[in-house]
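*Asks:* Sending over a structure as structure tokens; questions will come in a sec.
Derivation of every value follows stated rules applied to the coordinates shown; laboratory data play no part. Note that this is a predicted model, so its numbers are computed, not measured. Cβ sites come from the backbone with ideal geometry, for glycine too, and all protein chains shown count toward neighbours.
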Amino acid sequence: MSEPKLKESEGGTPSPEVSAKPRRRRFDVAYRRRILEEADRCTEVGQLGALLRREGLYSSQLSAWRRLRAEGGLEGQRRGRKSRPPVSDELARLQAENQRLAARLRQAEAIIEVQKKISEVLGLSAMSNPDGN
């Protein structure tokens with residue numbers, strides 16, 4: 001987006017009306033490059049300030065764009081969550097399944113311990129083995 005779009009009134013002039021929902025301005029890569037090139041050409045006092053006022057930009061935006069250009073990241077980044085490789089999805093699924101099975105094993109072991117104690121208390125262990133072995 002090269003310049004922000006303003007609602008035009010019937011006379012063809014920009015409307016001073018404020019929209020109900022504020023919109024964040026987005027600048028495409030070509031616009032950023034053009035502004036950075038113009039800013040690099042500013043040599044006299046006040047030229048850079050005039051450029052920023054004309055474009056409706058802040059000096060912090062210019063600084064951030066210069067930093068991105070130096071890092072090679074001016075081309076823009078994709079928005080949203082980073083995609084994870086399918087291996088990590090499988091690993092997460094297997095770890096969750098392992099935890100679920102470990103919890104079931106602990107529960108089963110606890111039930112078996114309780115059954116052993118009950119059979120000892122009731123003397124069922126001698127009755128279950130009629131041969132005495």
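*Asks:* On full extension of the chain, what length is gained from ARG26 through SER60, given 0.36 nm per residue of separation minus the C-alpha to C-alpha distance?
*Replies:* 10.7 nm
*Asks:* Summing +1 for each Lys or Arg and -1 for each Asp or Glu, what net charge is found among the other residues whose Cβ lies under 13 Å from the Cβ of SER59? Intermediate values should be presented prior to the final figure.
*Replies:* On the way: positive: ARG53, ARG66, ARG67; negative: GLU55.
Computed value for this residue: +2.
*Asks:* Amide H neighbours of LEU57 under 5 Å, counting only residues 5+ apart in sequence or on other chains, H built in-plane at 1.01 Å?
*Replies:* none
*Asks:* Roughly how many debye, to the nearest 20, is the charge dipole of the range 86-128 about its Cα centre, given +1 on each Lys and Arg Cβ, -1 on each Asp and Glu Cβ, and no other charges?
*Replies:* On the way: 6 positive and 6 negative charges, 29 e Å.
Using Cβ point charges on Lys, Arg, Asp and Glu, the range 86-128 gives about 140 debye.
*Asks:* Apply 1/(1 + (r/R0)^6) to the Cβ-Cβ distance of LEU124 and ARG93, taking R0 = 41 Å, and write down the FRET efficiency to the nearest 0.05. Don't skip to the end; give the middle numbers.
*Replies:* On the way: r = 42 Å, r/R0 = 1.03.
In this case the efficiency is close to 0.45.
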